[in-house]
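Right, one structure below, let's go through it.
Only the coordinates and a few stated rules stand behind these numbers; no lab work does. It should be emphasised that the depicted structure is a prediction, and the values quoted were computed from it without experimental measurement. For neighbour counting, all protein chains shown are included, and Cβ atoms are generated from backbone atoms with ideal geometry for every residue, glycine included.
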Amino acid sequence: MLMGRTLLITGGSGFLGAALVELARTQGWDVVATYHTHMPQTAGVRWEALDLRDRAATRALIERYAPDVVIHTAYRQEEPDMTAITAHGAGAVAQGAYAAQSRLIHLSSDVVFDGERSGSYTETDAPCPVTAYGAAKAAAERLVADAHPAALIVRTSLIYGGPEHPGRHERFVLDVIDGRAEAVFFTDELRCPIAVGDLAAALLELAEQDRSGILHVAGPDVVSRYEFARLIAGAFGRDPARVRGGPSPAAPRRPRNCALDSRVAQGMLTTRIRGVRDVLG
Ligand SMILES: NC(=O)c1ccc[n+]([C@@H]2O[C@H](COP(=O)([O-])OP(=O)(O)OC[C@H]3O[C@@H](n4cnc5c(N)ncnc54)[C@H](OP(=O)(O)O)[C@@H]3O)[C@@H](O)[C@H]2O)c1
């Protein structure tokens, strides 16, 4: 048990953040978690409102708690204010964590890459984003590393929860299959989905290590968005044949093969990161 050790989770009201909050409590962390628009009712957690656009308040919150560890999951994937929240907000978190001498784990994404390669990206590959969101996450990585050189930057891939904890990827596939939305799932966009519980467990294991720099933590199975949608359909009792697949359009440009090579993390962690075919198949 981690008596008296404090973990501050930004984005505790989000999908990954909520899984982290739950698991960290069971592991004995004193948990402080932030929300932006809605405060969860999880007991035994100190909830703090946070708006990452207010950089001074962001730094002050972290310095006030001076937690042993900060895990920064909060972000925004679209406008308005995506760069202010996702990039500069991450920089403010890193400044606060550095001033408070807190260990920092920052969540990043596979879309910092352009997706043009055949094979998987390793930690030494340079970011080369092709979307505004990818650029914001790549900028966040730079700002975090500059402000807190000992930070650990964890790049991950599509996060899902399966039938017990469906996330937005599952909800979207079900909306399409059940006729509430329309979509073609791309056969040429490759990702390494990771179960939210596996990622939370890996992050909490990393919280107690002192590794810094970049680490890829994603699932071992490389699947297309089409295969991922079919796996979700089957796991939720729908007919996978109802998922329509096709190639991604030439424009606007999208990162196609963002497969992450996570062998370094797999070698360091006792947490087993399961493949999506094992979890949902
Ligand atoms: N989901 C994926 O498939 C995926 C893939 C690759 C990487 N990632 C990375 O994993 C991390 C977590 O993703 P997620 O899907 O768990 O996120 P999420 O469910 O969308 O949650 C986002 C969190 O950010 C908070 N937030 C939004 N705007 C904010 C602001 N202005 N100030 C402070 N907090 C704000 C939200 O608070 P409220 O809900 O209270 O408004 C929420 O807690 C992100 O860093 C993301 O880049 C995710």
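Roughly how many nanometres apart are two label points built 7 Å out from the Cα toward the Cβ at R211 and E63?
Spacing of the two 7 Å Cα→Cβ label points: 3.2 nm.
Give me S212, S224 sorted ascending by neighbouring Cβ count inside 10 Å, so fewest comes first.
Listed from fewest to most nearby Cβ atoms, that is S212, S224.
Please give, to one decimal in nm, the separation of the simple spin-label points placed at D54 and E164, each 7 Å out from Cα toward the Cβ.
Distance between the two pseudo-spin positions: 3.7 nm.
With a cut-off of at most 16 other beta carbons within 10 Å, and DSSP calling the residue loop, which chymotrypsin sites (Phe, Trp or Tyr not before Pro) in segment 187-281 qualify? Please list them.
Filter output for segment 187-281: F236.
Mind checking the full-extension length gain between D178 and E79? Use 0.36 nm per residue of separation minus the Cα-Cα distance, one decimal, nm. Before the final figure, lay out each step's value.
On the way: separation 99, 0.36 × 99 = 35.64 nm, distance 2.83 nm.
Full extension of this stretch gives 32.8 nm more.
What is the fewest-to-most order of L280, L107 by other Cβ atoms lying within 10 Å of their Cβ?
Ranking L280, L107 by Cβ neighbours within 10 Å, fewest first, gives L280, L107.
Fewest Cβ neighbours within 10 Å first, please rank H148, H106, H38 accordingly.
Lowest to highest Cβ neighbour count: H38, H148, H106.
Return the sequence-ordered ³J(HN,Hα) values of segment 222-237 in whole Hz as given by the Karplus equation 6.51 cos²θ - 1.76 cosθ + 1.60 applied to θ = phi - 60°, using x for Gly and Pro.
Working through the residues one at a time gives 8, 10, 7, 4, 5, 5, 4, 5, 5, 5, 5, 3, x, 5, 9, x Hz.
Please express the shape of segment 1-160 as an equivalent ellipsoid: the semi-axes are the square roots of 5 times the eigenvalues of the C-alpha gyration tensor, given largest first in whole angstrom.
26, 16, 16
If a/c stays under 1.5 just call it rounded; otherwise compare a/b with b/c (prolate if a/b is bigger, oblate if not). Do that for segment 106-169, with a ≥ b ≥ c from the square roots of the Cα gyration tensor eigenvalues.
Oblate, because a/c is 1.5 or more while a/b does not exceed b/c.
Counting only the backbone N, which residues of segment 93-132 are under 17 Å from the spot 7 Å out from the Cα of A251 toward its beta-carbon?
Under 17 Å, as judged by backbone N against the label point of A251, lie 130-132 of segment 93-132.
Considering only C-alpha atoms, what is the centroid distance from segment 123-164 to segment 225-281, in Å?
So the separation of the two Cα centres works out to 18 Å.
May I ask for the net charge around I85, where only other residues with Cβ less than 13 Å from the Cβ of I85 are counted and Lys, Arg are +1 while Asp, Glu are -1?
Summing Lys/Arg as +1 and Asp/Glu as -1 gives -1.
When a/c is below 1.5 the answer is rounded, else prolate if a/b is larger than b/c, else oblate, so apply that to segment 218-257 with a ≥ b ≥ c taken from the square roots of the Cα gyration tensor eigenvalues.
On the way: a/c = 3.56, a/b = 1.47, b/c = 2.41.
Oblate, because a/c is 1.5 or more while a/b does not exceed b/c.
First select every other residue whose beta carbon is under 14 angstrom from the beta carbon of H36; then total the charges, Lys and Arg +1, Asp and Glu -1.
Computed value for this residue: -2.
Rounded to the nearest angstrom and ordered from largest down, what semi-axes does the equivalent ellipsoid of the chain get from its C-alpha gyration tensor (root of 5λ)?
The answer is 30, 21, 18 Å, longest axis first.
From the backbone phi of segment 40-57, what are the Karplus-calculated ³J(HN,Hα) couplings (6.51 cos²θ - 1.76 cosθ + 1.60, θ = phi - 60°) in whole Hz, Gly and Pro given as x?
Coupling constants for segment 40-57: x, 9, 4, 6, x, 10, 8, 8, 10, 6, 9, 10, 4, 5, 8, 5, 5, 5 Hz.
Under the 0.36 nm per residue contour assumption, what length would be gained going from the current alpha-carbon distance of S118 and A150 to full extension?
8.4 nm
Arrange the peptides 77-84, 54-61 so that the one whose residues have, on average, the most other Cβ atoms within 10 Å appears first.
Result, highest mean Cβ count within 10 Å first: 54-61, 77-84.
From the backbone phi of segment 63-79, what are the Karplus-calculated ³J(HN,Hα) couplings (6.51 cos²θ - 1.76 cosθ + 1.60, θ = phi - 60°) in whole Hz, Gly and Pro given as x?
Taking θ as phi minus 60°, the curve returns 5, 5, 7, 6, x, 5, 9, 10, 10, 9, 10, 5, 5, 9, 8, 9, 6 Hz for segment 63-79.
Extension gain D239-Q101, at 0.36 nm per residue separation less the Cα-Cα distance, in nm?
Full-extension gain reported as 44.6 nm.
How would you classify segment 125-281 from its alpha-carbon gyration tensor, with a ≥ b ≥ c the square roots of the eigenvalues: rounded for a/c under 1.5, else prolate if a/b is greater than b/c, otherwise oblate? The partial results should precede the final answer.
Numbers: a/c = 2.32, a/b = 1.45, b/c = 1.60.
Here segment 125-281 falls in the oblate category.
For labels at R142 and R5 in the simple 7 Å Cα→Cβ model, what's the distance in nm?
A separation of 3.4 nm, rounded to one decimal place.
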